[in-house]
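The values are calculated or read from the model by the stated rules, or taken from the named source; none is laboratory data. Since we're looking at a predicted model, the values are computed, not measured. Please note: Cβ atoms are built from the backbone with ideal geometry, for glycine as well, and neighbour counts cover all protein chains shown. Surface accessibility is based on the protein's heavy atoms, side chains included, excluding ligands, DNA and RNA. Shrake-Rupley method; radii C 1.70, N 1.55, O 1.52, S 1.80 Å.
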Amino acid sequence: KKHSTMNICVIPARGGSKRIPKKNIKIFNGKPIIAYSIEAALASGCFGKVIVSTDDSEISEVAQEYGAQVPFIRPQELSNDYTATNPVIAHAIDWMQSNGDDINHVCCLYATAPFIQAYTISNAYKNFSKLSADFCFSVTSFPFPIQRAIKIKNNNISMFQPQHFSTRSQDLEEAFHDAGQFYWGVKKSFQIDNPLLSENVIPYVLPRHLVQDIDTLEDWKRAEIMYQVIKQINRKI
């Protein structure tokens, strides 16, 4: 009999993080950081299955405790420092399909994105499916004009774009960067490793206060403080 197709969420979370040990399950404001991604995915109502792709038994346990499925342990060759995201998602898609799931759209959600909101995932999905894009991913604006960025070499300062030394900031084009939260994609886009930046890819713009890249312990601390502030503000509203 024909199965109905479903969307799946794949959260890549390998064990060996160098700069922040056990980063994916480190306690962030009271619970493992990966829990925020799992809970937002489940609450979004977009997915037939929420899957964590990991090579680590401790991460696997934590993920299942918060409601994700861990149907396979990720192979070693896809678990090193240099593995890109697309092959990890493609592996999960192939595994699920060879085990009987009929997959439609896929959302890759990062394990260290505690500001991710369920409504962001579902709104982005609406835009993505309406416009039949290959991918849709989160972006946010730079807080300062990138055209006026400076570099420091041997204690000397120079501009990346000296021609903008006296351009007024309101005359400079606004710049955005990947917010590192989610990537909605057509199944095939992940499988054939489509480039993330191409014509048929749409952005989902997030406010800057809901974005924090977490690579170092300093980032981690800042993110925890931001999270507490946002929680307090939401309580007052």
Which one is least open to solvent (accessible area, probe 1.4 Å) among residues in segment 19-30 that are β-branched (V, I, T) and more than 16 Å from the chain's Cα centre (by Cα)? I20
Restricting attention to segment 200-208, does a residue exist that is modelled with pLDDT under 95, under 19 Å from N123 (Cβ atoms) and part of a helix (DSSP H, G or I)? yes
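So, in segment 216-236, exactly how many residues are in a helix (DSSP H, G or I) and open to solvent by 40 Å² or more (accessible area, probe 1.4 Å)? Break it down stepwise before answering.
Just the residues of segment 216-236 that are in a helix (DSSP H, G or I), to begin with: 217-236.
Within this subset, residues satisfying the condition of being open to solvent by 40 Å² or more (accessible area, probe 1.4 Å) are 217-218, 221-222, 225, 227-229, 231-236.
Looking only at that region, the number is 14.
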If N194 satisfies every condition in (1) polar (S, T, N, Q); (2) more than 28 Å from N24 (Cα to Cα); (3) outside any helix (DSSP H, G or I) but one, which is the exception? (2)
Go through (1) surrounded by fewer than 13 Cβ atoms within 10 Å (Cβ to Cβ); (2) touching a His at 6+ places or on another chain (Cβ under 7 Å) and name the single condition W184 misses. (1)
How many residues does segment 31-59 hold that are part of a helix (DSSP H, G or I), among the β-branched types (V, I, T) and either open to solvent by 40 Å² or more (accessible area, probe 1.4 Å) or in contact (Cβ under 8 Å) with a residue 40 or more places away in the chain (or both)? 3
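Residues are listed down the side, and each one gets a yes or a no for (1) among the β-branched types (V, I, T); (2) farther than 19 Å from I214 by Cα:
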site	(1), (2)
I34	yes, no
S60	no, yes
A84	no, no
D102	no, yes
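Residues checked against (1) open to solvent by 30 Å² or more (accessible area, probe 1.4 Å); (2) touching a Leu at 6+ places or on another chain (Cβ under 9 Å); (3) closer than 19 Å to V201 by Cβ; (4) at pLDDT 95 or above:
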{"position": "P71", "(1), (2), (3), (4)": "yes, no, no, yes"}
{"position": "P75", "(1), (2), (3), (4)": "yes, no, no, no"}
{"position": "S79", "(1), (2), (3), (4)": "no, no, no, no"}
{"position": "Y82", "(1), (2), (3), (4)": "yes, no, no, no"}
{"position": "N86", "(1), (2), (3), (4)": "no, yes, yes, no"}
{"position": "W95", "(1), (2), (3), (4)": "yes, no, no, yes"}
{"position": "N99", "(1), (2), (3), (4)": "yes, no, no, no"}
{"position": "V106", "(1), (2), (3), (4)": "no, no, yes, yes"}
{"position": "L109", "(1), (2), (3), (4)": "no, no, yes, yes"}
Of the residues in segment 116-151, those that are in a helix (DSSP H, G or I) and on the phi > 0 side of the Ramachandran plot come to none
Against the definition (modelled with pLDDT of 95 or more, surrounded by 13 or more Cβ atoms within 10 Å (Cβ to Cβ) and within 23 Å of K188 (Cβ to Cβ)), how does S138 come out, yes or no? yes
Filter segment 5-18 down to the residues that are assigned to a loop (DSSP other than H, G, I, E, B), open to solvent by 20 Å² or more (accessible area, probe 1.4 Å) and out of contact with any Asp or Glu (no Cβ under 6 Å at 6 or more places or on another chain) and list them by number. G16, S17, K18
Exactly one of (1) over 20 Å from H105 (Cα atoms); (2) outside any helix (DSSP H, G or I); (3) of a type in the set (S, T, Y); (4) within 26 Å of the chain's Cα centre (by Cα) is unmet by Y183. Its number? (1)
